[in-house]
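Heads up: the structure comes next, in structure tokens.
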Amino acid sequence: MKDTSLGLYLHIPFCLQKCNYCDFCSFPAQGEETKHAYVQALCRELEESAIKAADYTVDTVFFGGGTPTCLSTADLVALCDHIRRHYRLACDVEWTSEANPATVDEGKLRAMREAGINRISLGMQSANENELALLGRVHRPPDVYASVEALHKVGFQNWSLDLMFGIPAQTAESFAHSLDEAIALAPTHISAYSLQIEEGTPFYRERDALPLPDEDTEAAMAALLYQKMAKAGYHRYEISNFARPGFESRHNLRYWRMRDYLGFGITAHSCFAHERFYNREGLADYIRDPLGAREREETLTPATREYETVMLGLRLSAGIDDDTFATTFGYGFFEKYGARLAPFLAAGLARREGKKTCLTADGMALSNAILAEILED
Ligand code: SF4
């Protein structure tokens, strides 16, 4: 049966200031007029795509960026209203907005909640002032605590904290402190990614001088992360994501499960009806002609879909189910890949649970190498 559920991603490319490690498409300090014009362009693009989504029910919406909460409250609410007006939403839609702790207060959060947003993803990154300063983050630890207090007052029950490890000047002890502080705030979800030094960023230019933790320290941080998450009752449902049962990010699961989504705004990607397309960069061009920003990327062949289903599915602790796989590809996952998986199963790096195959915690640490072997031509 055809899956007629859909996810929407809206890219809001504005931030208060640019972080030293960031290679996302985001611009610091744009005026209110530019941001408002961008929201109007987004509304036009949303409207245009609504026709092709007419037979779909939207069950996840994600405002990402950038910093969506850099928009004025009125623009955020207008955007939500526009989505409601033009798309059919599931009654249990998961509607997330990323937020920078320096950009939310009770009033804005209340308006967002009333407009339909029911999940907040807060970029905490670290509980240590010096690390946040080195990262070039605009917020400080007290901003996180104030934001969480405001989330509670407004009644958000589903919210996530983002953390980073492997950041300059960080030690295993200071990361343990960040983890303890995050857990004490009791979010429903925690993401923890290791810092990547991306080309074109200030960190890349200074990479030789950065006081980055060595490999052993970073491995110790990863071990601490897994221990503390498990002890606090957060299950690792994806390599870098942890949740209380039932609070996994449904929108991100949509990406990992290769399900349809439409992206709006500059650089946003879409995967819809086996077609991939994206919007070009260029803020002024997009504001002038949002419908002219789109570029076709590729048609997903069955071989590409299978490759990506395996690659993304094994990132998840739930792994890949033989029957679900067979519904799409005509043969079970284990039937096709069992022989290649055998050494990893024997080594305790992969596991079979009924008809499901997944990587173990040790296997997840080696996922790139394992996937390369499994997916080799
Ligand atoms: S807040 Fe996020 S998107 Fe904005 S500059 Fe920092 S890392 Fe990049």
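Rule-based calculations on the coordinates, nothing more; no lab input. Keep in mind that this is a model prediction, so the values were computed, not measured. Glycine gets a Cβ as well: all are built from the backbone with ideal geometry, and neighbour counts include every protein chain shown.
The GluC sites (Glu not before Pro) of region 259-366 that meet both conditions, a loop assignment by DSSP and at most 12 other Cβ atoms within 10 Å of the site Cβ, are GLU281. Packing, as the average of other Cβ atoms within 10 Å across residues, places the peptides 214-221, 44-51, 92-99 in the order 92-99, 44-51, 214-221, highest first.
Averaging the sequence gap over all C-alpha pairs within less than 8 Å and six or more residues apart, then dividing by the number of residues, gives the chain a relative contact order of 15 percent. Could you tell me the center-to-center distance, by alpha carbons, between region 194-264 and region 320-340 in angstrom? Comparing the Cα centres of region 194-264 and region 320-340, I get a distance of 28 Å.
Normalised by the number of residues in region 301-377, the mean separation of alpha-carbon contacts (under 8 Å, six or more apart) gives a relative contact order of 30 percent. When both region 94-138 and region 35-72 are represented by their alpha-carbon centers, they are found 19 Å apart.
Given the DSSP H assignment, sum -39500 (n - 2.57) over each helix run of at least 4 residues in the chain and divide by its residue total; what's the result at 222 nm in deg cm²/dmol, nearest 500? Walk me through the numbers before you get to the answer.
Working: 15 runs with 157 residues, N = 377.
Mean residue ellipticity at 222 nm (helix-derived): -12500 deg cm²/dmol.
Express in nm, to one decimal, how much length is gained between GLN227 and ASP3 on full extension, taking 0.36 nm for each residue of separation and deducting their alpha carbon distance.
Numbers: separation 224, 0.36 × 224 = 80.64 nm, distance 3.69 nm.
Once the chain is fully extended between GLN227 and ASP3, it gains 77.0 nm.
With all pairs of separate Cα atoms included, the chain yields a Kirkwood hydrodynamic radius of 21.9 Å.
Answer rounded, prolate or oblate for region 301-377, using the Cα gyration tensor with square roots of eigenvalues a ≥ b ≥ c: rounded when a/c is under 1.5, else prolate when a/b is larger than b/c, else oblate.
Prolate, because a/c is 1.5 or more and a/b exceeds b/c.
Which of the peptides 2-8, 265-271 is most tightly packed, and how do the rest follow, going by the mean number of other Cβ atoms within 10 Å of each residue?
Values: 2-8: 16.7, 265-271: 21.7.
Top to bottom by mean Cβ count within 10 Å: 265-271, 2-8.
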